[in-house]
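Quick note: the coordinates plus some simple rules give every number you see, no bench work behind them. These numbers come from a predicted model, not from an experiment. With ideal geometry, Cβ positions are generated from the backbone for all residues, glycine too; neighbour counts draw on all protein chains shown.
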Amino acid sequence: MERQDWPTAWLFTDERIDRELDDAMRRAAAAGAGIVVRHHRSSPERRRGLAEQVKGLGAVLAVARDVELAAQVGAALIHNPLACATELPFSLSVHDDAEARLAAERRPALVFISPVHETRSHEGARPLGEERAIELMLMAGRPAIALGGMDDRRGRTLMERGFHGWAGIDCWLRT
């Protein structure tokens with residue numbers, strides 16, 4: 001996929017929202033968002049089931065870490081691949097200068113810069129803030145997705161400042 005083809009909004013799956021996950025995935029898919037199947041603590045069967053569910057919803061599927069699963073289910077993207085060699089487009093997390101420099105070297109399709117704002121998924125972590133997130137985006141030199149305490153309003157603000165898009169978890173839950 002070329003840069004313009006990647007969704008500008010993304011949902012990251014997370015075990016802590018399992019009871020609400022089906023609804024969140026349906027909302028994200030209906031909005032044209034991509035979905036990153038993360039669920040690191042779940043069984044391989046659960047991760048595969050989620051990936052297949054995302055495909056069934058018609059959303060752009062990214063699988064975190066597991067290159068084999070991503071290839072088996074026809075994912076469009078592998079997020080933070082554990083294996084360095086993959087023919088799939090991949091994305092990387094960027095939290096600091098070192099990861100931004102690595103992204104500039106490895107040239108992923110996307111970088112997910114986080115946490116931009118305070119977030120329940122990284123309680124106690126010091127947020128980057130928008131200015132620092134922009135610095136990391138520029139340092140990485142790759143299409144960037146803002147993650148951490150994001151919603152549509154915050155995402156659009158950062159997109160006006162150069163981000164390709166935004167991602168979240170809680171923002172896809174019914175409030």
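At-a-glance table
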{"quantity": "Karplus (6.51, -1.76, 1.60) ³J(HN,Hα), θ = phi - 60°, over the stretch 126-137, in Hz, Gly and Pro reported as x", "calculated": "6, x, 5, x, 5, 5, 5, 4, 5, 4, 5, 4"}
{"quantity": "Computed lengthening from residue 82 to residue 161, 0.36 nm per intervening residue step minus Cα-Cα distance", "calculated": "25.3 nm"}
{"quantity": "Per-pair calculated FRET efficiency, R0 = 30 Å: residue 106 and residue 45 via Cβ, rounded to 0.05", "calculated": "0.45"}
{"quantity": "Among 91, 43, 114, residue whose mean-square fluctuation peaks in a GNM of the chain (springs only between Cα atoms under 10 Å)", "calculated": "43"}
{"quantity": "Length added when fully stretched, residue 19-residue 97, from 0.36 nm per residue minus Cα-Cα", "calculated": "24.5 nm"}
{"quantity": "Amide H contacts of residue 9 (H built 1.01 Å from N, under 5 Å, at least 5 apart or other chain)", "calculated": "34, 166"}
{"quantity": "Gaussian network model of the chain, springs between alpha carbon atoms under 10 Å - residue of 160, 118, 130 with greatest fluctuation", "calculated": "160"}
{"quantity": "Residue-averaged [θ]222 nm for the chain, counting only DSSP H segments that reach four residues, each worth -39500 (n - 2.57)", "calculated": "-10500 deg cm²/dmol"}
{"quantity": "Total charge dipole magnitude, the stretch 7-172, about the Cα centre, Cβ charges on Lys, Arg, Asp, Glu only, Debye to nearest 20", "calculated": "180"}
{"quantity": "Theoretical gain in end-to-end length, residue 132 to residue 68 [0.36 nm per residue, Cα-Cα removed]", "calculated": "19.6 nm"}
{"quantity": "From the coordinates shown, volume of the Cα convex hull per residue in Å³ corresponds to which of (i) 128; (ii) 110; (iii) 238", "calculated": "(ii)"}
